[in-house]
């Protein structure tokens, strides 16, 4: 009888590790950002009406989101109790990302104001979406968690997180409308950026997200990198001329 109880306990622990991996691998890929308490101090906007200023802070917001994505080390087994505070930090990272763009909700430019409001809202929803992950971690960290119940909580948490992260990426890419000049809803082939501003943004994206952005969005990337890749593809596209080019 004791042997059977121990066997059930071992099976439960093994399932917990599998469940942890299933949820956290899509969320985080490295421990580069560490688990220290985050400091949220986005730079003050240079100009609420400037497309270049908004684009710079949008890329900064994606960078902060990437920091959150990298907080969990998925290369080693970890107890749920140790991951609970880390997920809390990730939530703070995503909330901080929203604060990079939130000031632009007061912009006199309708396109900037709309893009900022939409993206900040999506970041907030992403931060809150991790409540499901926390609920699941607390459950599997409790005494004798039921595997079926744990799996149900996991599936719900994954679906909510995936939906929220995809919404952030989409909102960030849609914000390209701020820097791409449109006429009758179609690109004119010109950017609302100078050549210097354009190059600086390209360089910033490459430094933060790496060469993966050159190939465009991919299922191998996290949501922040895919959004940055979408921006890079437009900025690096020679068919678009900078605003100060003839």
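The values are calculated or read from the model by the stated rules, or taken from the named source; none is laboratory data. Note that the structure is predicted; figures quoted are calculated from it, not measured. Every residue, glycine as well, gets a Cβ built from its backbone with ideal geometry; the counts of neighbours run over all protein chains shown.
Entry remark, segment 140-193: residues being farther than 20 Å from residue 115 by Cβ, in contact with a helix residue (DSSP H, G or I) (Cβ under 6 Å, 6 or more places away or on another chain) and not in a helix (DSSP H, G or I) number 2 in total. Residue-level check: of (1) within 29 Å of residue 233 (Cα to Cα); (2) part of a helix (DSSP H, G or I), residue 137 misses just (1).
Test of understanding: among 120, 77, 135, which residue is within 26 Å of residue 49 (Cα to Cα) and touching a residue at least 12 places away in the same chain (Cβ under 8 Å)?
Values: 77 fails: within 26 Å of residue 49 (Cα to Cα); 135 fails: within 26 Å of residue 49 (Cα to Cα).
Step by step, each of 120, 77, 135 is checked, and only 120 is within 26 Å of residue 49 (Cα to Cα) and touching a residue at least 12 places away in the same chain (Cβ under 8 Å).
Taking the options 163, 151, name whichever one is within 17 Å of the chain's Cα centre (by Cα) and surrounded by fewer than 21 Cβ atoms within 10 Å (Cβ to Cβ).
Numbers: 151 fails: within 17 Å of the chain's Cα centre (by Cα).
Being within 17 Å of the chain's Cα centre (by Cα) and surrounded by fewer than 21 Cβ atoms within 10 Å (Cβ to Cβ) holds for just one of 163, 151, which is 163.
Here's the yes/no breakdown for (1) modelled with pLDDT under 95; (2) in a helix (DSSP H, G or I); (3) in contact with a strand residue (DSSP E or B) (Cβ under 9 Å, 6 or more places away or on another chain):
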{"position": "56", "(1), (2), (3)": "no, yes, no"}
{"position": "77", "(1), (2), (3)": "yes, no, no"}
{"position": "85", "(1), (2), (3)": "yes, yes, no"}
{"position": "105", "(1), (2), (3)": "no, yes, no"}
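Here residue 182 passes the criteria (1) without any contact (Cβ under 8 Å) to a residue 40 or more places away in the chain; (2) over 18 Å from residue 230 (Cα atoms); (3) surrounded by fewer than 18 Cβ atoms within 10 Å (Cβ to Cβ) except the one numbered (2).
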